[in-house]
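Take a look at the structure set out below.
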Amino acid sequence: MKKTILQNGRLLPALESMLAEEFDVHGLWAEPEPQAFLARHGARFSGLVTSAPVGASAELMAALPNLEVISSFGVGFDKLDLEAAKERGVRVAYTPDVLNDCVADLAFGLLIDVARGISAADRFVRRGEWAKGRYPVTSRVSGKRLGIVGLGRIGQTIAKRAAGFDMEVAYTNRGPAQVPYRYEPSLAALAEWADFLVVAVAGGNGTKGLISRDILQALGPKGFLVNVSRGTVVDERALVEALVAGSIAGAGVDVFENEPHVPAELLGLDNVVVLPHVASGTEETRRAMGDLVLANLRAYFATRELVTPLI
């Protein structure tokens, strides 16, 4: 018999089709009264499939008394209540590594775009302003100082990209890593040193507001911020004020505190590039992530082991 899986939120159509072939899947998102449905049928489900933006709360897990495993599409786990999962003995899997390259590529794309004004210059041409005068000069990327906040898998992949631009790299982390880059224990000191500060830490309560008003002040009027982690990691109001006032040079932002809502003040600024949370959004990476979601469920129900365990 097929294992019964609850799906919390929509996933890629191809992944949903593959899941439906191997498991008895029910979409909680399709229920008009989810709580009433769970009260009646929650005991049916031994597995839960979700995604990083949707996650799984303690309340949801409590409504699934026979839950054994959660397989999440993504690397973010701030929406997954891991403590609740540990208390209930629920295994949790996620999809690391397969998205490192695409997220690092996009981080560098944002960095180059905001420094050289690529998107802003495109708008300049489309508005017909080139005929009226030259576009302002911008900031060089090659040879500059790159500070990375969080030197995990993605942070290290970003650092590798920097070598091609002859950049000096330093980082801050929970502790020094076995890497050829300079470790800076003080985030404020790293921000003050850096020309570009790229944020690649995990989300959650431990990093909420990490990039504060003081850190932005340390980055200064010639410094650029790039955020490909989670919107909660940056004090969004402080960032808006810094960009409007010109107290930092610019920002490239793929993630926001209240997605899909972007602060209206940012939309008219040319010193910020705003993207709709697409860092891992390539066909190749999303397909690999979907394959891992499926592989983790297969492995757990066959062997009680996970391919890429979070807990």
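Of these, 250, 281, which one is modelled with pLDDT of 95 or more and either surrounded by 16 or more Cβ atoms within 10 Å (Cβ to Cβ) or of a type in the set (Asp, Glu) (or both)?
The unique qualifying residue is 250.
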**Request:** Give the residues of segment 179-213 that are crowded, with 17+ Cβ neighbours inside 10 Å and more than 21 Å from the chain's Cα centre (by Cα), sorted by residue number.
**Result:** 181, 184, 190, 192, 193, 194, 195
**Asked** Any idea which of 73, 77, 37 is of a type in the set (Phe, Trp, Tyr), more than 22 Å from residue 255 (Cβ to Cβ) and in the same structural domain as residue 292 (by TED's automatic domain parsing)?
**Response** 37
**Message:** Please go through (1) within 15 Å of residue 94 (Cα to Cα); (2) surrounded by fewer than 23 Cβ atoms within 10 Å (Cβ to Cβ); (3) not hydrophobic (A, V, I, L, M, F, W, C) for residue 296 and return the number of the only condition it doesn't satisfy.
**Reply:** (2)
**Request:** Take the residues in segment 13-32 that are under 20 Å from residue 283 (Cβ atoms) and small (Gly, Ala, Ser), then tell me which one is surrounded by the fewest Cβ atoms within 10 Å (Cβ to Cβ).
**Result:** 17
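Taking the options 310, 267, name whichever one is assigned by TED's automatic domain parsing to the domain that holds residue 124 and farther than 19 Å from residue 157 by Cβ.
On the way: 310 fails: assigned by TED's automatic domain parsing to the domain that holds residue 124.
Of 310, 267, the one residue that is assigned by TED's automatic domain parsing to the domain that holds residue 124 and farther than 19 Å from residue 157 by Cβ is 267.
For the subset of segment 234-280 comprising residues that are in contact with a Phe, Trp or Tyr (Cβ under 6 Å, 6 or more places away or on another chain) and of a type in the set (Gly, Ala, Ser), which member is nearest to residue 102 (Cα to Cα)? If you could, list the steps in order and put the result at the bottom.
Let us first name the residues in segment 234-280 that are in contact with a Phe, Trp or Tyr (Cβ under 6 Å, 6 or more places away or on another chain), namely 249-250, 262.
Within this subset, residues satisfying the condition of being of a type in the set (Gly, Ala, Ser) are 249-250.
Values: 249: 25, 250: 22 Å.
If we take residues in segment 234-280 being in contact with a Phe, Trp or Tyr (Cβ under 6 Å, 6 or more places away or on another chain) and of a type in the set (Gly, Ala, Ser), then 250 is nearest to residue 102 (Cα to Cα).
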**Request:** Could you check how many residues of segment 111-134 are assigned to a helix (DSSP H, G or I) and not aliphatic (A, V, I, L, M)?
**Result:** 9
**Prompt:** Within segment 219-233, restricting attention to residues that are farther than 14 Å from residue 193 by Cα and surrounded by fewer than 24 Cβ atoms within 10 Å (Cβ to Cβ), which residue is farthest from the chain's Cα centre (by Cα)?
**Reply:** 232
**Asked** Among the numbered criteria (1) at pLDDT below 95; (2) small (Gly, Ala, Ser); (3) in contact with a strand residue (DSSP E or B) (Cβ under 7 Å, 6 or more places away or on another chain), which single criterion is violated by residue 76?
**Response** (3)
**Request:** Kindly check whether there is at least one residue in segment 141-161 that is under 24 Å from the mean Cα position of the chain (by Cα), modelled with pLDDT of 95 or more and over 27 Å from residue 231 (Cβ atoms).
**Result:** no
**Item:** Single residue of segment 258-299 satisfying the filter (out of contact with any helix residue (DSSP H, G or I) (no Cβ under 6 Å at 6 or more places or on another chain) and acidic (Asp, Glu)) that is farthest from residue 118 (Cα to Cα)
**Value:** 291
**Request:** Could you tell me whether segment 119-142 includes any residue that is hydroxyl-bearing (Ser, Thr, Tyr), more than 24 Å from residue 191 (Cβ to Cβ) and touching a Leu at 6+ places or on another chain (Cβ under 7 Å)?
**Result:** no
**Request:** Out of 310, 216, report the one residue that is buried (at least 22 other Cβ atoms within 10 Å of the Cβ) and touching a helix residue (DSSP H, G or I) at 6+ places or on another chain (Cβ under 9 Å).
**Result:** 216
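The values are calculated or read from the model by the stated rules, or taken from the named source; none is laboratory data. Since this is a predicted model, take the numbers as computed values, not measurements. So basically every Cβ, Gly included, is an ideal-geometry build from the backbone, and we count neighbours across all protein chains shown.
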